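Accompanying notes for the structure given below.
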Amino acid sequence: MRPDLTQLRDLIEESPGFARGPAGGVPEALVREAETRVGPLPPSYRWWLAEYGHGRAGDADIATVAPAGSGESGESGRSGAAGTSADDPADEMYEAVTAGWRRDGERLCFAVEPDCGDEFRFALDRAGEGGEYPVVGRDGTDGCEYPVAESFAGFLAVRAALSRGLRDGPNPAIARLWRSTPGVLLDNGVHVYGPHLIQERNETFEVPRYAPGWVLVGDDSGGDGLFMRRHGRDRTTLYLLGLGAAGEDIGAAGEPVTDDLLGWLRAGGPLPG
C-alpha cells in the first residue's frame with residue numbers, strides 16, 4: 001500500500017515522542033546529490049527530508065542529508081560516534097545518511113537508537129511498491145535482523161503505535177496496513193485510521209463499552225463506521241454500520257464490505273449500494 005502522506009503528516013504532528021529538527025527541511029538539490037552516492041531514496045523518506053530534514057521517531061534518531069564532503073568517510077563508523085549526540089550540528093558523520101558506515105551491502109541505515117540500541121535499515125535488495133524499500137531492524141545486542149515495516153512511512157506508523165501502547169495494531173489486517181502507511185483517506189471519503197486516531201475515535205463512540213471484541217477502524221465520512229473484530233477467528237472481514245449503532249451485534253447488523261482490506265483500499269474502497 002502506498003503511503004498516504006497527508007496521514008503521515010498528521011501522525012508526525014500528533015505522536016508523542018516524535019521530534020523534528022529545528023532547521024526544517026533540506027533542499028531538493030541536496031537530496032538528489034545524496035542519491036548520487038547512496039542510490040534512490042524511497043519517496044516517503046524523501047518527503048520526510050523535504051519537510052523536516054532531521055528528527056526522531058521515539059528514541060530513534062533519523063538521518064538527514066548533508067552537503068558533499070560531509071560524512072563520506074567510512075573510517076569512523078558508528079562506534080566512533082557512540083559518545084556523540086545527534087543534536088550536535090558538528091557531528092555530520094553521524095547525521096548524514098551518506099556516511100560511509102551507514103551502507104552495508106544491500107542495507108542502508110537511516111535511523112539509530114542511542115546507547116548501542118537497534119539500527120533501522122532500508123533493504124535495498126527488496127524493491128517495494130511505488131519505489132519504497134522494506135525496513136528491517138538490526139538488533140543492537142546480537143546483530144540479528146528482523147522485519148519492521150514495508151516503507152519508511154510504515155516505520156513511523158509502527159513507532160507511533162508502540163509509543164501509544166498499541167503494539168502491532170488491533171488485529172493483523174490493520175497491523176499490515178500500518179506497516180505500509182499510517183492510515184488512508186480516499187477520494188470517496190473512506191477513512192481508515194492510523195495509530196494517531198484510532199484510540200480517540202473508539203473512545204468517542206464508546207466502542208469498547210458497547211461492542212467489546214470489536215474495533216472501529218475507520219468511517220465513510222458520512223455517519224457510518226467501519227468495524228472489524230479485535231478477537232476471534234474472523235479478524236479480516238470489514239463491516240459497515242452506523243456509528244450510533246455500535247451497541248448492536250455488529251456481525252449481524254453490519255453489512256460486510258470486504259475480507260481483503262488492503263486490496264479493497266487499492267481498488268478505491270467501494271462501499272455497498
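The values are calculated or read from the model by the stated rules, or taken from the named source; none is laboratory data. Treat the numbers as computed from the prediction; the structure is a model and nothing was measured. No Cβ is skipped: glycine too gets one built from the backbone with ideal geometry, and neighbour counts run over all protein chains shown.
Residues are listed down the side, and each one gets a yes or a no for (1) modelled with pLDDT under 95; (2) acidic (D, E); (3) part of a helix (DSSP H, G or I); (4) closer than 30 Å to E14 by Cα:
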| site | (1), (2), (3), (4) |
| --- | --- |
| R46 | no, no, yes, yes |
| S70 | yes, no, no, no |
| R78 | yes, no, yes, no |
| A86 | yes, no, no, yes |
| T98 | yes, no, no, yes |
| F110 | no, no, no, yes |
Quiz item: For the stretch 219-227, does any single residue satisfy the condition of being part of a loop (DSSP other than H, G, I, E, B), within 28 Å of W48 (Cβ to Cβ) and at pLDDT 95 or above?
Solution: yes
Quiz item: For the stretch 249-258, which residues satisfy the criterion of being touching a helix residue (DSSP H, G or I) at 6+ places or on another chain (Cβ under 9 Å) and free of Cβ contacts under 8 Å to residues at least 24 places away in the same chain?
Solution: A253, T258
Practice problem: Sort out which residues of the stretch 150-178 are crowded, with 24+ Cβ neighbours inside 10 Å and free of Cβ contacts under 8 Å to residues at least 60 places away in the same chain, and write them in order of number. | Solution: V158, A161, W178
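Each row is one residue, and each column tells you yes or no for (1) in contact (Cβ under 8 Å) with a residue 12 or more places away in the chain; (2) farther than 18 Å from L265 by Cβ; (3) within 23 Å of the chain's Cα centre (by Cα).
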position	(1), (2), (3)
E206	yes, yes, no
R209	no, yes, no
V215	yes, no, yes
D224	yes, no, no
Quiz item: What number of residues in the stretch 103-134 are more than 19 Å from the chain's Cα centre (by Cα) and in contact (Cβ under 8 Å) with a residue 60 or more places away in the chain?
Solution: 1
Practice problem: For the stretch 135-142, state whether one or more residues are farther than 19 Å from D10 by Cβ and in contact (Cβ under 8 Å) with a residue 60 or more places away in the chain. | Solution: no
